[in-house]
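I'd like to ask you about the structure that follows.
The values are calculated or read from the model by the stated rules, or taken from the named source; none is laboratory data. Remember, it's a predicted structure, so these values are computed and weren't measured experimentally. Every residue, glycine as well, gets a Cβ built from its backbone with ideal geometry; the counts of neighbours run over all protein chains shown.
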Amino acid sequence: MEMEKGPLSELLVERFETMPPQLQVAARFVLDHPQDVALMSMREQASQAGVSHSTMMRLARWLGLDGYEDMRSLYARALRDRGAGEAIRPGLPPQQEQDYPAAGIAADTLAAQVASLGEYGNAMQFLAAARLIADSKTIFGLGFGASRSVVGHFVQTVSPLLNEGRRTVFVADSCGTGAEALLDAKTGDVVLVVGAAPYERATIDFARQSASQGAAVLAITDSSVSPLARLARETIVVTSNSGSFFPSMVPAFAAVEILVALAAPLSDVDAVEKLKQSQEQLAAFGVYWKAAR
């Protein structure tokens with residue numbers, strides 16, 4: 001499981017905008033993979049990040065260190081202090097590693113990613129984001145492509161929290177009605193936006209426009225230095241690495257459910273009772289399937 005943050009995370013975020021492009025690539029790797037910084041060689045990290053090993057050395061000097069080994073030492077010490085240097089799957093005998101089922105490996109990877117959302121730093125981000133949701137008048141859900149299903153789930157799940165005078169708006173069209181809906185976003189509203197690399201231009205443009213109108217942008221994204229994070233008032237960082245050939249949306253789905261669960265007690269609406277009433281009304285209209293008698 002990854003550390004919540006590396007010992008240089010705040011400094012990296014602070015100086016990110018002033019870095020040359022290649023150093024930004026290296027910095028993003030360090031921000032998003034603090035455990036790898038502690039455990040992998042500099043050349044391995046450079047290969048993973050897609051930069052040269054000299055770029056990693058330049059990044060360390062940019063941060064005021066004598067060399068990259070000094071950075072690795074800082075991260076290794078932080079990892080030891082947290083007691084996080086255990087195997088990814090504790091309890092699995094080493095000799096069984098090669099025979100461990102692929103399904104189990106994939107499930108363990110996703111489970112670790114979801115579990116990391118509950119670490120202290122992430123929990124504080126969720127609480128701040130939940131307060132934004134609870135205090136908002138209109139909640140816009142913004143997401144295109146693979147993110148659309150995550151945003152749709154959020155909008156549907158958060159609706160029972162809203163009393164009269166509050167509403168949700170699902171923005172899943174990058175033109176026409178989608179763009180028009182966000183023209184109403186203003187101070188007191190929240191725009192939840194979900195996006196991971198490669199970022200869709202419309203997602204970033206819509207989020208930027210919403211922020212310029214005074215709405216609070218709440219981003220669920222894959223890096224603390226993603227273009228969406230830099231626009232957001234609050235950011236929840238999730239990984240999208242599935243360990244396979246496709247990006248995973250599981251951590252993002254988990255994030256929206258955690259967010260709604262935390263926002264519910266902050267609302268003045270009995271969400272359980274309102275959801276029950278909604279289901280009863282839908283049942284009366286014959287929406288739900290019933291077994292034949």
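What number of residues within region 258-271 satisfy the criterion of being at pLDDT below 80 and under 14 Å from V158 (Cβ atoms)?
Qualifying residue count for the region: 3.
Report, by residue number, each residue of region 123-175 that is within 23 Å of D270 (Cα to Cα) and hydroxyl-bearing (S, T, Y).
Once the filter is applied, which keeps residues that are within 23 Å of D270 (Cα to Cα) and hydroxyl-bearing (S, T, Y), region 123-175 yields S136, T138, T157, S159, T168.
Within region 16-24, is even one residue surrounded by fewer than 21 Cβ atoms within 10 Å (Cβ to Cβ), more than 24 Å from the chain's Cα centre (by Cα) and hydrophobic (A, V, I, L, M, F, W, C)?
No, the conditions are met nowhere in region 16-24.
Do you know which residues across region 199-213 are of a type in the set (D, E) and either assigned by TED's automatic domain parsing to the domain that holds A27 or without any contact (Cβ under 8 Å) to a residue 12 or more places away in the chain (or both)?
D205
Only one residue in A196, A216, A111 is closer than 20 Å to E257 by Cα and not assigned by TED's automatic domain parsing to the domain that holds V269. Which one?
Details: A196 fails: not assigned by TED's automatic domain parsing to the domain that holds V269; A216 fails: not assigned by TED's automatic domain parsing to the domain that holds V269.
Just a single option satisfies the conditions, and that option is A111.
Name the single residue, out of those in region 201-229 being part of a loop (DSSP other than H, G, I, E, B) and aliphatic (A, V, I, L, M), that is nearest to D32 (Cα to Cα).
Going through region 201-229, the residues part of a loop (DSSP other than H, G, I, E, B) turn out to be 213-215, 222-229.
Add one more test, that the residue is aliphatic (A, V, I, L, M), and what stays is 215, 225, 228-229.
On the way: A215: 28, V225: 9, L228: 15, A229: 13 Å.
Once the filter is applied, the top-ranked residue is V225.
Filter region 216-247 for residues that are in contact with a Leu (Cβ under 9 Å, 6 or more places away or on another chain), of a type in the set (G, A, S) and modelled with pLDDT of 85 or more and give the result.
A216, A219, S223, S224, A232
Any residue that is crowded, with 19+ Cβ neighbours inside 10 Å and farther than 27 Å from P34 by Cα - is there at least one of those in region 269-289?
yes
Another question, then. Considering R43, R72, which residue is among the charged types (D, E, K, R) and either in the same structural domain as P227 (by TED's automatic domain parsing) or crowded, with 17+ Cβ neighbours inside 10 Å (or both)?
Answer to the selection: R72.
Look through region 147-190, keep the residues that are aliphatic (A, V, I, L, M) and touching a Gly at 6+ places or on another chain (Cβ under 9 Å), and return whichever of them is modelled with the lowest pLDDT. Outline the logic, then answer.
Step one: of region 147-190, the residues aliphatic (A, V, I, L, M) are 150-151, 155, 158, 161-162, 169, 171-172, 179, 181-183, 185, 190.
Retained after the next criterion (residues that are touching a Gly at 6+ places or on another chain (Cβ under 9 Å)): 150-151, 155, 158, 169, 171-172, 185.
Numbers: V150: 95, V151: 94, V155: 93, V158: 90, V169: 92, V171: 90, A172: 81, A185: 92.
Out of the qualifying residues, it is A172.
Right, next: With the requirement that a residue be touching a Phe, Trp or Tyr at 6+ places or on another chain (Cβ under 8 Å) and either outside the structural domain of L183 (by TED's automatic domain parsing) or farther than 17 Å from F144 by Cα (or both), what does region 219-245 give you? Please lay out each step first, then the result.
Narrowing region 219-245 to residues touching a Phe, Trp or Tyr at 6+ places or on another chain (Cβ under 8 Å): 225-228, 236.
Matches in region 219-245: V225, I236.
Continuing with this model, one more query. From the list V238, V191, pick out the single residue that is under 17 Å from the mean Cα position of the chain (by Cα), surrounded by 20 or more Cβ atoms within 10 Å (Cβ to Cβ), farther than 17 Å from A123 by Cα and among the β-branched types (V, I, T).
Just one listed residue meets the conditions, V191.
Which residue is farthest from F206 (Cα to Cα), if the candidates are limited to region 159-171 and must be touching a strand residue (DSSP E or B) at 6+ places or on another chain (Cβ under 8 Å) and surrounded by fewer than 22 Cβ atoms within 10 Å (Cβ to Cβ)?
L162
Could you grab me the full set of residues in region 140-158 that are crowded, with 19+ Cβ neighbours inside 10 Å and of a type in the set (A, V, I, L, M)?
L142, V150, V151, V155, V158
Taking only region 54-113 into account, find how many residues are modelled with pLDDT of 55 or more and not in a helix (DSSP H, G or I). Working first, answer last.
Of region 54-113, the ones modelled with pLDDT of 55 or more are 54-83, 101-113.
With the extra rule that they be not in a helix (DSSP H, G or I), the set shrinks to 63-67, 82-83, 101.
Number of matching residues: 8.
Also, quick follow-up: Checking S149 against (1) part of a loop (DSSP other than H, G, I, E, B); (2) within 24 Å of T239 (Cβ to Cβ), which test does it fail?
Of the numbered conditions (1) part of a loop (DSSP other than H, G, I, E, B); (2) within 24 Å of T239 (Cβ to Cβ), the odd one out for S149 is (1).
Yes or no: Q45 within 21 Å of S226 (Cα to Cα) and modelled with pLDDT under 85?
no
Just checking, which of P251, P247 is crowded, with 18+ Cβ neighbours inside 10 Å and under 30 Å from A106 (Cβ atoms)?
Every option except P251 fails the conditions.
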